[in-house]
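Engineer: Before I ask anything, here is the structure I am working with.
The values are calculated or read from the model by the stated rules, or taken from the named source; none is laboratory data. Please read these numbers as outputs of a predicted model, since none were measured by experiment. FYI the Cβ positions are ideal-geometry reconstructions off the backbone, even for glycines, and counts take in every protein chain you see.
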Amino acid sequence: MTSNEGRAQSNLHQQDLSKLDVTKLSALSPEVISRQATINIGTIGHVAHGKSTVVKAISGVQTVRFKNELERNITIKLERLNDSVLRIYHQRADERDESNFFEKIKKAKKRNLLPDLEKTLGKPPNKKQKKQEPEEFIIEKIIDFKFKFGKEMFYIKWKGWNDSENTWEPIENLDNCPDVLNEFVRNKELKHYDQMEKLKEEISFDNLLGEQNLINRIDEIEESDLTKLKSNLFLKLLSMINLTEEEELHVSDLVQDARNLLQLYVSTRRRCRQLMALRDWEDYLNQVDKSKKLCVENDVDLTGPPENFTYINESIPGAGVTIPNEPPIGCECVACNCRSKSCCGMQAGLFGYTVHKRLRVASGTPIYECNKACKCSSECNNRVVQKGRYVKLTIFRTPNGCGWGVRTEQKIKQGQFLCQYVGEVITFEEAEKRGREYDANGLTYLFDLDFNSCENPYVVDACNLGNVSHFINHSCDPNLGVWAVWADCLDPNLPMLALFATKDIEAGEEICFDYLQKCNDSDDELTNNPILPKETIEEEDACIPSASEANTATPSVSPIKSRFEIQQQNIALLRNRYANAKIYKCDNPKCARPTSFISGGSSKDDNFPCLRTACTGRFQLVRHVSFVDCPGHDILMATMLNGAAVMDAALLLIAGNESCPQPQTSEHLAAIEIMKLKHILILQNKIDLVKEGQAKEQHEQITMFVKGTVAEGAPIVPISAQLKYNIEVLCEYITKKIPVPMRDFTSPPRMIVIRSFDVNKPGCEVDDLRGGVAGGSILQGVLTVGMEIEVRPGLVSKDADGKLTCRPIFSRIVSLFAEQNELQFAVPGGLIGVGTKIEPTLCRADRLVGQVLGAVGALPGIFVKLEVSYYLLKRLLGVRTEGDKKAAKVQKLTRNEALLVNIGSLSTGGKVIATKADLAKIALTSPVCTEIGEKVALSRRVENHWRLIGWGQIQGGETIEPGKN
């Protein structure tokens, strides 16, 4: 497998196995941190304390904060927010995202124009910084507002002057103070929000905000400033609210101005959201289609991406249809060309392509390409359609009412291949049913496969499943034609539908074909004459094409054969995930903290402009963390310890509206000590639900609770995960308080399996089965795609004497993923998905949990009995007691006692067979792959629950030799 497979995410740093040198890797290497988390952080706490909400908040792009300082812990008073305030915050967050996106577009256009301007006008002279004139004054703040004499007037407090010098100033005197004005507007908005919303409804008469009226203002949007537009609209509405009887003569002009601003404001926001959706759709298309880039453009209306459409790369069979892809025959040619009489391409009597891979046969002539049974290489001249599209295209909104269309961004030569027409292959009977529905709605997406006979038993339906050809429009004067092509599928009724250029097409020209494929007057001539000029056809140059001609992008060929799986895969590409998060810091030293920190999803760009309007810096990726969810119920304590085995740090969540500690919180803190986690952040969550006194009281409870434990002195950060308050502060703490752990990249790789599953859907054909997937955290070494691996203990059984035996599983890595980021190699840290060739039923429903995956022959031994030095807790944890009574003491281990033993990610039963002082020998019910020195956790059955009683370290034990596979 080559490094080309990571190109679907061009915004991330590329990995290249051919350049991999593990001795030079670190946890902060760009090729590592760009795609994979390198720090594991456990979110630990009671089940209702908001662990998943915190993870989602950190993985979000934008957060809202309240003041805090890194050097000390402060609890802030927050009253319960009403619905209006929440709507304002959500609206502001949306507006901020839209405004930032719009500014990026403007800057990009400006960058494209600057080179041309410099050539025309020359380099502009450096502007001298304007000095403050003696008669100029600085506005400190705006105190009040009124509407007088038909103008907005502001009561100004001047910096350095007494209140007696305050003056009323018109809005034109505030042109140089946008920040002060915006701050005033934001404060007033909180007070008048409900009135403003009601007023907007009242002035929206005569279909002011109708679709066509909003579309008519698209041309004005490009020059609009959303922040300034909102401020102006707000001031007009505020003037209407504060309007006095003396100023009623201005009411008509005021209402008209407000209507004009409201319409432009709504149109601008709609346009921003539309462009954001189109950008996301464009990214999605290029993730699925890995050929030449596809662009999306709509400068005509406010239509967003099409609904109920799934993008695919190749046709898929519908109900009752089978598309064979194992050709029974192939050619023996070394170099396929028109001279090779036995080549597949000569089956129709004429070789289909020139040396430059352009069409050389007439319309209606079948084309037979070389297939997987042929001896020729993938660069053979007779492999064109199967190699995929290599022309850059744009899906654009047509101005003539034809909906979406497609144009080329580069010049296309006559006879050049464009793309396939793909969709769902259905039977003729099913097509008749769908055709009646499509005709009623004015749709035309059915393409008869009638090249072999007049009966056309099969039809391609591209209505809901298709590629870029779905958007190509019809024309009676087309520049594309359709040819039937056969390659791996040789069923005469199931050809590929290939679109070729029937004439030279200039860059920027719309491409189209005749949906009806009718014969016109020129068809007779076309039938008797090939598509290319005679001199081109008679080329006898049989040399191999140049690199630029041969190196066409090959679309991914997946084993997906059903609509359900196609949709599941593509939905997964669009889905935002929150298990991993990237943390960024602005590289501008003047950018104020904590807003100089921000977080985002795992697939977010490695750097981007700072979101503060006054800042010229860029956010740079500084950490990539993975969150290990640890359930809070005591009966799932073993699961929590499984996660703790691969943690580098912990976020201990404590709900601000509950007393501290809860029984489970004590148990979680004990588990943190067992795993010797030294880096802990305590989050006082749900701070928005309590008053100041309650928050301070709980802060003291937390401080007393952690005193004398490993968490003593840990920062206590007040947050509201639900409202995303103080998330920037948390990002700053993670960056500064949790160091990047030292990793071992050079030892043989070893990974603890935390999850495993079967990715095949019910009803999947045998030929389409994919191997199982193992998920976990790498402890040491580097896993690479194509590596041979071993899984221990593997398959466990008992022999005739009742003794445990095991056979390790051997396989090969076929893919690596960190969330949706595809990897070529994976390093320690973060949660990794390893695609293998292991029989899928062995991985189903977490059956590999507790196993260890690594390099063949380099894994530790398999133990069936352990000798551990153990340490018991003084008292039971997680048990409620009456009043001030203390929990029961933990009794010593006794012979024949049953225990729950946690080793790495394995939870297994154990029986104490011998004890001496602080040593115990334990027989395990399941074998475990581990080594001397590893930690174990011990739990005892108390009141129908497994309760943590202590921990230990492996000193020795009894191992078994694995059986031969």
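Engineer: Pull out all pairs, ordered by first then second residue, where Cβ-Cβ is under 8 Å, the residues are six or more apart or on different chains, the first lies in segment 192-209 and is more than 16 Å from residue 267 (Cα to Cα), and the second is among the charged types (D, E, K, R) and surrounded by 15 or more Cβ atoms within 10 Å (Cβ to Cβ).
Structural biologist: Here the result reads 196/189, each pair linking segment 192-209 to a residue that is among the charged types (D, E, K, R) and surrounded by 15 or more Cβ atoms within 10 Å (Cβ to Cβ).
Engineer: Another question, then. Residues being in contact (Cβ under 8 Å) with a residue 40 or more places away in the chain, part of a loop (DSSP other than H, G, I, E, B) and farther than 14 Å from residue 418 by Cα: count how many of those fall in segment 384-402.
Structural biologist: Qualifying residue count for the region: 3.
Engineer: Whether any residue in segment 491-508 is surrounded by fewer than 22 Cβ atoms within 10 Å (Cβ to Cβ), in contact with a Lys or Arg (Cβ under 9 Å, 6 or more places away or on another chain) and not in a loop (DSSP other than H, G, I, E, B) is what I want to check.
Structural biologist: The answer is no, given that none of the residues of segment 491-508 is surrounded by fewer than 22 Cβ atoms within 10 Å (Cβ to Cβ), in contact with a Lys or Arg (Cβ under 9 Å, 6 or more places away or on another chain) and not in a loop (DSSP other than H, G, I, E, B).
Engineer: Among the strands (runs of 3 or more DSSP E) confined wholly to segment 901-948, which include 1 or more residues that are in contact with a Ser or Thr (Cβ under 7 Å, 6 or more places away or on another chain) and within 22 Å of residue 875 (Cβ to Cβ)?
Structural biologist: By residue number, 906-916.
Engineer: Can you tell me which residues in segment 24-37 are of a type in the set (S, T, N, Q) and at pLDDT 85 or above?
Structural biologist: Matches in segment 24-37: 29, 34, 36.
Engineer: Further question: Would you say residue 767 is in a helix (DSSP H, G or I) and either crowded, with 19+ Cβ neighbours inside 10 Å or among the hydrophobic types (A, V, I, L, M, F, W, C) (or both)?
Structural biologist: It is false that residue 767 is in a helix (DSSP H, G or I) and either crowded, with 19+ Cβ neighbours inside 10 Å or among the hydrophobic types (A, V, I, L, M, F, W, C) (or both).
Engineer: Another question, then. If you go through segment 150-160 one residue at a time, how many are surrounded by fewer than 16 Cβ atoms within 10 Å (Cβ to Cβ) and in contact (Cβ under 8 Å) with a residue 40 or more places away in the chain?
Structural biologist: 1
Engineer: If residue 761 satisfies all but one of (1) touching an Asp or Glu at 6+ places or on another chain (Cβ under 6 Å); (2) assigned by TED's automatic domain parsing to the domain that holds residue 56, what's the number of the condition it fails?
Structural biologist: So residue 761 meets the others, but not (2).
Engineer: Touching a strand residue (DSSP E or B) at 6+ places or on another chain (Cβ under 6 Å), surrounded by 18 or more Cβ atoms within 10 Å (Cβ to Cβ), in contact (Cβ under 8 Å) with a residue 12 or more places away in the chain and farther than 23 Å from residue 87 by Cα - does that describe any residue in segment 271-280?
Structural biologist: So far as segment 271-280 goes, yes, one or more of its residues are touching a strand residue (DSSP E or B) at 6+ places or on another chain (Cβ under 6 Å), surrounded by 18 or more Cβ atoms within 10 Å (Cβ to Cβ), in contact (Cβ under 8 Å) with a residue 12 or more places away in the chain and farther than 23 Å from residue 87 by Cα.
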